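The values are calculated or read from the model by the stated rules, or taken from the named source; none is laboratory data. These figures come from a predicted structure and were not determined experimentally. When we count neighbours, we look across all protein chains shown, and the Cβ atoms used for this are built from the backbone with ideal geometry, even at glycine.
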Amino acid sequence: MSKRNIKIFGLSVLMLAAITFFWWQLSIFFVFGKNVTFKALIYLGIDFLGVLILVLIFDLFVNDRKIAYLCFLFSSAFFFLFFPLSYLYLISQIVFLLLFILAFELMYREKQYCLKISSRKIWYRGLPYLITAIVLSITIVYYQNPLLRLNQSRVTVSPRLVNILVKPASILVGKTIPFYSPDMTVDDFILATLKNNSMLRQFERSKFSKVVEEKILEQQRKSISKTLGVKIEGNETVDILLSKIINARLGKYIGPYAKQIAIGVAVALFLVLRVVGAVIGLIAIIFSQIIFLILKAVKFLRIEKVPKEAEVIKI
């Protein structure tokens with residue numbers, strides 16, 4: 001295998017690995033919900049950036065259509081390693097594949113016709129289509145696994161979505177209430193509150209402190225349930241409790257229009273992500289340019305001048 005083929009193989013593996021890792025992170029975030037935090041959202045954005053950088057580098061260096069199309073096909077197929085096969089997912093990945101091919105062709109055309117190599121100019125040709133392909137995939141995954149779940153009979157805001165919103169505010173709440181923690185249950189919060197006044201000292205000295213404690217907790221749960229209008233079990237964390245309250249309120253007002261709202265939320269998410277993706281794309285261009293210069297400096301690539309034939313019109 002020649003050095004050139006080894007380089008192309010390496011770039012192909014890196015790009016496929018980055019996209020596969022992104023699909024995996026996307027599945028963890030939306031489907032499994034094991035790591036749904038504001039920090040995880042930032043990490044997903046970094047993965048997005050990494051994918052764009054590697055695809056831009058790949059499209060710049062690889063001119064063989066067969067290799068490029070095959071890599072894009074694998075990139076799309078690897079999506080189904082983490083998501084079930086469904087018509088909506090299948091359509092989204094076909095569009096993903098076509099947009100990646102379109103982006104490659106536009107950059108390839110620019111490389112063929114430009115008189116002086118300008119990596120930025122080449123990348124700007126295809127970048128919008130790469131961003132749209134990735135954003136569309138994220139939107140479809142969200143629509144199939146929403147953090148805001150909507151249907152005709154009920155409206156459900158996932159505790160995962162509330163958790164993302166609550167976590168940043170926990171620092172401010174913690175300064176106001178020293179014993180507060182976002183992982184506390186309702187019962188933990190009630191007991192922690194009692195420890196800061198004389199009530200707990202009275203029943204801690206009692207022989208039946210556990211019985212008294214349970215009675216106080218039961219009374220407090222009933223009081224909170226009545227005030228908030230939701231049933232409190234006592235083992236709910238803050239995000240679960242807030243999602244219960246929000247769901248109880250939303251169901252009364254937007255339940256009949258849930259299907260239309262679900263589509264509207266997905267469209268709004270796509271538009272927001274498209275704007276965010278444009279910003280990430282600009283950052284990807286900067287990092288890709290730096291990588292391009294480094295690879296040029298270490299002789300990974302070289303730029304040669306070659307004569308080009310062109311047609312002219314004469315009278």
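Laid out as a table, the results:
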item: Residue selected from segment 113-127 under the condition part of a helix (DSSP H, G or I) and touching a Lys or Arg at 6+ places or on another chain (Cβ under 9 Å), by the criterion surrounded by the fewest Cβ atoms within 10 Å (Cβ to Cβ); result: TYR113
item: Failed criterion for GLU110 (all others in (1) modelled with pLDDT of 80 or more; (2) within 19 Å of the chain's Cα centre (by Cα) hold); result: (2)
item: Close pairs from segment 70-93: first under 10 Å from SER137 (Cα atoms), partner in a loop (DSSP other than H, G, I, E, B) and at pLDDT 95 or above, Cβ under 6 Å, at least 6 apart; result: none
item: Criterion (among the basic types (Lys, Arg), at pLDDT 85 or above and either over 19 Å from the mean Cα position of the chain (by Cα) or not assigned by TED's automatic domain parsing to the domain that holds PRO128 (or both)) met by exactly one of LYS66, LYS3; result: LYS66
item: Segment 54-69, residues that are in contact (Cβ under 8 Å) with a residue 24 or more places away in the chain and assigned to a helix (DSSP H, G or I); result: LEU54, VAL55, LEU56, ILE57, PHE58, ASP59, LEU60, PHE61, ARG65, ILE67, ALA68, TYR69
